[in-house]
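Take a look at the structure set out below.
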Amino acid sequence: MSAVQLDVQHEVHALYRDHHGWLQSWLRKKLGNAFDAADLAQDTFLRILTAWDTPADVDLREPRAYLTTVAGRVLLNHYRRLSLERAYLDALAVLPEACVPSTEDRLVILETLHEIDAMLDRLPPKTRMAFLLSQLEGLTYAEIAGRLQVHVRTVKRYMADAYEECILLTT
C-alpha cells in the first residue's frame, strides 16, 4: 500500500472516529430505525473511502456538512431500492400462485432490477427517457423524437448509448 493510500485511510479513519456516532444518530432520526442507520452510516464511509484518491481530497472545513451530503445520497439510494422492491412485490402479489417465482428466483430478479435501475440512473436524462419510451411504451424512434423534440438520428444515438450500457451490464 502506498504512502498516499495510507494517508487517505488515516484521514478517513479520523473522520469515522470523530463523526460516526453523530452520523448514525442523524440517520436514525431520518429512518426511525437503528439497524438501517448503522448500515447506511457504514455505506457512507465506504463511499467516502472509495471516492478519495489523495489526502488533498480529505481537507474538510465542514465535515458534518460533507457527511450529511454523502449520507443524503446514500439515503436516497436506499429509498429508491425500497420503492423498487415494493413495486416488485406488489406486482408479484397479483400473480396467480402457480406463476410466483421461488424465493431464490425472486432474489435474483430483485438484484437484477437493482442493477438495471442503477444502469438507467447513470444514463443522461434524455437517453434514459428515449430508452424507456422505446422499451416500455413501444414507441418508434420517430414518435420518441417527437416527444423529446429532437431529431430521429439523435434518438438513434440515445438508443445506441443505452444499449451499450445494457451490454456492459451483462459483461
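Which residues does the label zone of Val108 cover in the stretch 73-88, counting backbone N under 20 Å from a point 7 Å along Cα→Cβ?
Hits in the stretch 73-88 for Val108 at 20 Å: 85, 88.
Given the options Val70, Val94, Val12, which has the most mean-square fluctuation in a GNM of the chain, springs set between C-alpha atoms less than 10 angstrom apart?
Result for the chain, Cα springs under 10 Å: Val94 fluctuates most.
Work out the FRET efficiency for Leu95 and Glu115 from their Cβ-Cβ distance, taking R0 = 30 Å, and round it to the nearest 0.05.
For Leu95 and Glu115, the calculated efficiency is 0.85.
Using a simple charge model, +1 on the beta-carbon of Lys and Arg, -1 on the beta-carbon of Asp and Glu, nothing else, what dipole does the chain show about its Cα centre, in debye to the nearest 20?
It comes to approximately 640 debye.
Would you indicate which of (1) 65; (2) 52; (3) 31 is the value of percent of Cα pairs over 26 Å apart derived from the coordinates of this structure?
(2)
Under unit Cβ charges (Lys, Arg +1; Asp, Glu -1), what dipole magnitude, rounded to 20 debye, does the stretch 98-170 have relative to its Cα centre?
500 debye
Based solely on its DSSP helices, what 222 nm [θ] is calculated for the chain when runs of n ≥ 4 H residues each add -39,500 (n - 2.57) and the sum is averaged over all residues, nearest 500 deg cm²/dmol?
Details: 7 runs with 138 residues, N = 171.
My calculation for the chain gives -27500 deg cm²/dmol from helical runs alone.
Which Cα, out of Tyr163, Val152, Phe131, lies furthest along the positive dipole direction of the stretch 98-170 (beta carbon charges, K/R +1, D/E -1)?
About the Cα centre, the residue reaching furthest to the positive side is Val152.
Which value in Å does the Kirkwood hydrodynamic radius of the stretch 75-137 take, with 1/r averaged over all unlike C-alpha pairs and then inverted?
Working: mean 1/r = 0.0760 Å⁻¹.
Evaluated on the stretch 75-137, it is 13.2 Å.
Read the figures in this text as sums done on the coordinates, not as results from a lab. Being a predicted model, the structure only gives us computed values, none of them experimental. Cβ sites come from the backbone with ideal geometry, for glycine too, and all protein chains shown count toward neighbours.
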